[in-house]
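Taking it in order: structure first as structure tokens, then the write-up.
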Amino acid sequence: MSVRTQVRPVSTPSDVAELCTLMVEPESTVTDPPLPMPNAAGGLALLLGLLISPSTPKEPRK
Amino acid sequence: MTAVARLAHTVTSGALGYLHANRQFGAFEDEVNSDLNDPDGVYKPLCELALAASLVLRDGVTGTAEQQAARELLDFTWGQLRRGDLLYERQLRHPVLTDPLEVYSHHARSGYHHPALARTIDVGAAEDSMTEVLPNRRMAVANAHRVVGVPRDDDFEAMLRQTWLGRTPQPWVVDWYTAYHMTHAAFHITDWGGRPADMPADVAAYLETWLPVWFDVWAEAGQWDLVGELLIVSACLPEPRFVESEWELFAGLQHAEGFVPRDAEPVDDDPRLIYQNHQHTAVVAAIAGTVALSRLLGGGG
Amino acid sequence: MDASSCVRGAAHLADRVLGALRGSGCVGLAEFVDSCADATSGLGAVRLVGADVFLPHTVLDRPLSTGDAEVVAASMEVFPPVVAPATPEQRVMAWCDWTTARALARLSGDEPVAAPADPADVLGPAEDWARWSVRVAQLSSLAHPGAAGPVVDAVLAQPLALCRGVVRTVLRRDFGTATRLARWVGLLHAAGTPLPIDPGLLIEHVDLRVGAEPRRVLDLAVARHLVEATA
């Protein structure tokens with residue numbers, strides 16, 4: 001018959017330091033904000049100029 | 001605020017100098033008719049050039065050299081547009097398009113006139129031809145008519161309330177494109193900082209609250225063009241906001257040639273490609289500097 | 001100590017807390033620690049979740065179980081609080097530990113625990129709202145119904161910095177930080193502070209996007225309680 005000894009939990013200073021790192025989560029290092037979609041609506045990243053609306057339609061040549 | 005004034009002056013002076021020195025990259029290569037095969041190619045940058053130069057002349061806060069460069073830029077754009085004939089033909093053929101009116105307004109603001117085009121615009125306004133437009137574009141049209149001097153019964157505040165900005169939504173419900181709609185709504189309600197008191201108090205308060213966040217987020221993502229537009233918006237507020245760190249960041253991006261890169265991607269060596277890619281941001285920089293400087297010196301009514 | 005079992009354990013524990021909040025009863029910390037691969041990681045998980053193990057008590061007014069309190073006390077013996085916090089992270093941990101210790105002291109009737117230091121030391125200037133709000137997020141276990149203390153007072157005084165911070169996290173799509181700030185937004189709302197954003201809409205927006213990580217779901221549950229309590 002084996003005797004199961006109760007192992008008393010212990011920690012080391014580095015355990016505590018590691019716990020601190022786990023506990024204090026930094027914000028996400030990589031940002032993921034809204035960006036232009038290069039292939040959206042015609043392909044030009046800067047569709048929105050200061051002035052005019054998106055590309056005007058081409059008229060058939062007479 | 002003298003630090004910001006210095007930065008604003010350097011930015012606008014450099015950007016204007018760049019646009020002036022490289023304007024040939026923005027010239028029509030061939031004979032172009034009013035239908036314009038590729039309006040986003042040369043025409044649009046030409047229009048933006050005229051806008052920037054017209055605001056520099058309007059504000060009159062930069063030195064003689066800059067004023068001279070602005071005047072020469074407008075001579076150039078007006079020449080490219082066949083002294084307005086191109087715009088006239090285009091507006092006549094396409095009465096619903098807003099760009100001839102808008103481009104003309106920047107020239108008219110600076111003393112270039114085309115009577116036949118002006119009459120066409122008058123008739124178009126009476127016919128209410130430019131109606132199917134996005135809310136912020138509706139405001140662009142209204143402001144352009146106002147600058148040209150066409151009497152209309154536009155209700156600017158009502159139009160503003162139809163825009164994203166005018167509804168002052170939860171500030172995270174925005175994407176990159178909407179951010180540009182927002183900046184333009186601010187530009188048109190204040191006529192590019194010329195009428196800052198026209199911005200309603202609640203919209204001004206909303207912008208004061210959230211501009212720092214939008215600036216921070218899009219600066220982190222290297223979206224310099226948009227960040228430059230946020231600087232313009234800041235200068236257009238009834239109580240303009242100038243944050244030295246924001247101006248330092250933006251001015252720090254400016255290359256020796258005077259352009260500001262549109263984003264954090266590597267900048268090409270080829271001057272023509274540089275113009276193609278970064279001309280818009282140079283326009284933004286030139287406008288940001290002149291409007292900021294003008295407000296710092298007490299302009300804007 | 002095995003860091004990844006600690007983190008996994010913390011997630012399971014958060015689930016138990018959520019269950020308790022939703023009405024299943026008590027958290028059952030002793031049972032939880034027994035269910036862990038080893039007691040050290042189990043107690044580490046309890047330390048990670050920290051004062052949030054008491055949420056059924058603070059949110060629903062359930063009595064604080066002495067059994068649970070004993071486990072928390074044990075976790076603080078095995079992983080002692082930092083005596084002289086020197087780094088910013090240690091300062092954050094000191095305040096989180098203080099919140100836990102204070103709750104234990106209230107239950108045991110012991111002397112109230114002295115606050116670590118001036119909250120300005122851990123938070124930094126509110127003018128630097130981006131960095132300030134990240135610290136506030138890290139102190140999210142201090143944000144719960146009935147919360148009080150120097151850090152709470154300091155955050156309550158800065159609705160603009162807080163709201164700017166949370167909007168920034170949402171735009172950066174850092175929903176993990178957003179949930180923690182949402183708790184604070186809820187707290188300010190519950191305190192009657194006028195806010196330039198709609199706390200309810202914020203919670204819903206983040207809820208749709210944050211995923212199922214239990215500690216984050218728990219944050220939103222706390223935020224909702226704070227907002228709905230004043231609805």
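Would the range C:88-106 turn up any residue that is surrounded by 15 or more Cβ atoms within 10 Å (Cβ to Cβ) and in contact with a Phe, Trp or Tyr (Cβ under 7 Å, 6 or more places away or on another chain)?
yes
Could you please give the count of residues in the range C:183-231 that are in contact (Cβ under 8 Å) with a residue 40 or more places away in the chain and farther than 18 Å from C:VAL155 by Cα?
Within the range C:183-231, residues that are in contact (Cβ under 8 Å) with a residue 40 or more places away in the chain and farther than 18 Å from C:VAL155 by Cα number 11.
Within the range B:70-77, is even one residue within 30 Å of B:GLY17 (Cα to Cα), free of Cβ contacts under 8 Å to residues at least 12 places away in the same chain and away from every other protein chain (no Cβ under 14 Å)? Write out each step before concluding.
To start, the set of residues in the range B:70-77 that are within 30 Å of B:GLY17 (Cα to Cα) comprises B:70-77.
Restricting the remaining residues to those that are free of Cβ contacts under 8 Å to residues at least 12 places away in the same chain gives B:75.
Those left that are additionally away from every other protein chain (no Cβ under 14 Å): B:75.
Scanning the range B:70-77 turns up at least one residue that is within 30 Å of B:GLY17 (Cα to Cα), free of Cβ contacts under 8 Å to residues at least 12 places away in the same chain and away from every other protein chain (no Cβ under 14 Å).
Do we have C:ALA178 as touching a Ser or Thr at 6+ places or on another chain (Cβ under 6 Å) and not in a loop (DSSP other than H, G, I, E, B) here?
Values: touching a Ser or Thr at 6+ places or on another chain (Cβ under 6 Å): yes; not in a loop (DSSP other than H, G, I, E, B): yes.
When the stated conditions are applied, C:ALA178 passes them.
Go through the range B:125-146 and count every residue that is under 21 Å from B:HIS107 (Cα atoms) and either surrounded by fewer than 21 Cβ atoms within 10 Å (Cβ to Cβ) or of a type in the set (Gly, Ala, Ser) (or both).
Looking only at that region, the number is 5.
Would you pick out the residues in the range C:191-212 that are away from chain A (no Cβ under 14 Å), surrounded by fewer than 21 Cβ atoms within 10 Å (Cβ to Cβ) and more than 21 Å from B:ALA205 (Cβ to Cβ)?
Residues of the range C:191-212 that are away from chain A (no Cβ under 14 Å), as a first pass: C:191-204, C:207-208, C:212.
When the remaining residues are screened for being surrounded by fewer than 21 Cβ atoms within 10 Å (Cβ to Cβ), the result is C:191-196, C:198, C:200-201, C:204, C:207-208, C:212.
The answer is C:ALA191, C:GLY200, C:GLU204, C:ASP207, C:LEU208, C:ALA212.
For B:ARG295, state whether it is touching a residue at least 24 places away in the same chain (Cβ under 8 Å) and touching a Phe, Trp or Tyr at 6+ places or on another chain (Cβ under 6 Å).
On the way: touching a residue at least 24 places away in the same chain (Cβ under 8 Å): yes; touching a Phe, Trp or Tyr at 6+ places or on another chain (Cβ under 6 Å): no.
The answer is no for B:ARG295.
For the condition touching a helix residue (DSSP H, G or I) at 6+ places or on another chain (Cβ under 7 Å), within 14 Å of chain A (Cβ to nearest Cβ) and of a type in the set (Asp, Glu), what is the one hit in B:GLU132, B:GLU89, B:GLU102? Please lay out each step first, then the result.
Values: B:GLU132 fails: touching a helix residue (DSSP H, G or I) at 6+ places or on another chain (Cβ under 7 Å); B:GLU89 fails: touching a helix residue (DSSP H, G or I) at 6+ places or on another chain (Cβ under 7 Å).
Criteria check complete, one pass: B:GLU102.
The numbers here are math on the coordinates, done by the rules we state, and not lab data. Just so you know, these numbers come straight off a predicted model, no measurement behind them. Ideal geometry is used to build each Cβ from the backbone, glycine not excepted, and the neighbour counts take in all protein chains shown.
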